[in-house]
Amino acid sequence: MRHLINGLILLTLTTYSMGQARTESNNKDKNKKRRVEVFTKWINENNIVFGRLPKANPKDLIYDCDSTPILKQIKGDTIVYWTKSSWYTTGGIYLDDDIKQLNKLIEEKSFGLTDYVEKLDDQGNVVLASLWREGFKIENDSLFRLTSFLKIPEDSITKAITNRDFKLAERLVKDNTYFKFVLIFHPNIFKDRAFTTNEVGDNITLDHVWKVGEKTYYEISFNRDNFGTMIKFPIYLFDDEYRFLKYDGCNKSEIDQLTKDKEVTGNAR
């Protein structure tokens, strides 16, 4: 009898748990459906097209193999790429608040120029993406990257952040930041495939060199210590004419040719 009672109790608890799970699942489905309805209506009312930058100069617009927009601007020997660097989703408790935030965002000058709506995610939330500028300069057969510097010690900004005075920290960064081009690549600057002597002290490695026909391709990475873990970021892949394969449209077929049997040993040439 005790086993029967225990069995009935277990069955009741299991049935209750399954019922709870079904209820939670149904609630999630309802919430998702509601979010899709509300955000789809907002997208249609504002004539938003996923993954598009209507304010950008059409001459600057290119797309990668995933149809992600990239801006490429050339001025003399300087190339500026605007590539996707960050994204975030709506997902607050209240849909009305999400819509208010979205309405503020689309009024920003950057929306449609370097910021855009990427898609609705699996939960019905709006995914927003931002492009980030990366500047390069080609001079004397060398590649330079636009790099930021501070006119003041970094400690003063760190102190403001520690004191939670974020407005002061933001103002200090804004008022004391300047940019200049810094050498990051030439085939002859690497010793044992490493280069650490530019003015920033970057730790750059020449990870791969490929020879395909008459063309040479290079991949370099910036090695950074992230709390004891070494990470490679950013990583740049380009050819001997400094054409960036992952920024310059869809070049999958060309990248697919960069196989192990095409690799060059030694330094760079």
In segment 157-185, residue farthest from ARG243 (Cα to Cα) [restricted to those that are open to solvent by less than 50 Å² (accessible area, probe 1.4 Å) and part of a strand (DSSP E or B)]: THR177
Exclusive hit being in contact (Cβ under 8 Å) with a residue 40 or more places away in the chain and out of contact with any strand residue (DSSP E or B) (no Cβ under 7 Å at 6 or more places or on another chain), set ILE138, ILE93: ILE138
Count of residues meeting criterion [open to solvent by 70 Å² or more (accessible area, probe 1.4 Å) and either under 23 Å from THR197 (Cβ atoms) or among the polar types (S, T, N, Q) (or both)] in segment 227-244: 5
Number of the condition not met by LYS75 [criteria: (1) in contact with a strand residue (DSSP E or B) (Cβ under 6 Å, 6 or more places away or on another chain); (2) within 27 Å of THR147 (Cβ to Cβ); (3) charged (D, E, K, R)]: (1)
Residue in segment 62-117 that is surrounded by the most Cβ atoms within 10 Å (Cβ to Cβ), counting only those that are farther than 16 Å from PHE50 by Cα and aromatic (Phe, Trp, Tyr): TRP82
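GLY51: surrounded by 12 or more Cβ atoms within 10 Å (Cβ to Cβ), among the small types (Gly, Ala, Ser) and under 21 Å from LEU245 (Cβ atoms), yes or no?
Details: surrounded by 12 or more Cβ atoms within 10 Å (Cβ to Cβ): yes; among the small types (Gly, Ala, Ser): yes; under 21 Å from LEU245 (Cβ atoms): yes.
Judged against the criteria, GLY51 is a match.
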Test: residue in segment 206-226 that is under 28 Å from SER67 (Cβ atoms), surrounded by 12 or more Cβ atoms within 10 Å (Cβ to Cβ) and aliphatic (A, V, I, L, M): yes
Filtered residue count, segment 189-239, keeping only those that are in contact with a Ser or Thr (Cβ under 7 Å, 6 or more places away or on another chain), at pLDDT 95 or above and either of a type in the set (Lys, Arg) or in a loop (DSSP other than H, G, I, E, B) (or both): 0
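For segment 34-80, which positions are of a type in the set (Lys, Arg), in contact (Cβ under 8 Å) with a residue 12 or more places away in the chain and not in a loop (DSSP other than H, G, I, E, B)?
Start the filter on segment 34-80 by keeping residues that are of a type in the set (Lys, Arg), which leaves 34-35, 41, 52, 55, 59, 72, 75.
With in contact (Cβ under 8 Å) with a residue 12 or more places away in the chain added as a condition, the list becomes 34-35, 52, 55, 72.
ARG34, ARG35, LYS72, listed by residue number.
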Residue in segment 217-229 that is in contact (Cβ under 8 Å) with a residue 60 or more places away in the chain and either in contact with an Asp or Glu (Cβ under 7 Å, 6 or more places away or on another chain) or over 22 Å from SER85 (Cα atoms) (or both) present: no
Those residues of segment 240-269 which are touching a Lys or Arg at 6+ places or on another chain (Cβ under 7 Å) and not in a loop (DSSP other than H, G, I, E, B), in sequence order: LYS262
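The values are calculated or read from the model by the stated rules, or taken from the named source; none is laboratory data. Because the structure is predicted, anything quoted here is derived from the model rather than measured. With ideal geometry, Cβ positions are generated from the backbone for all residues, glycine too; neighbour counts draw on all protein chains shown. Only protein heavy atoms, including side chains, enter the accessible area calculation; ligands, DNA and RNA are left aside. Shrake-Rupley method; radii C 1.70, N 1.55, O 1.52, S 1.80 Å.
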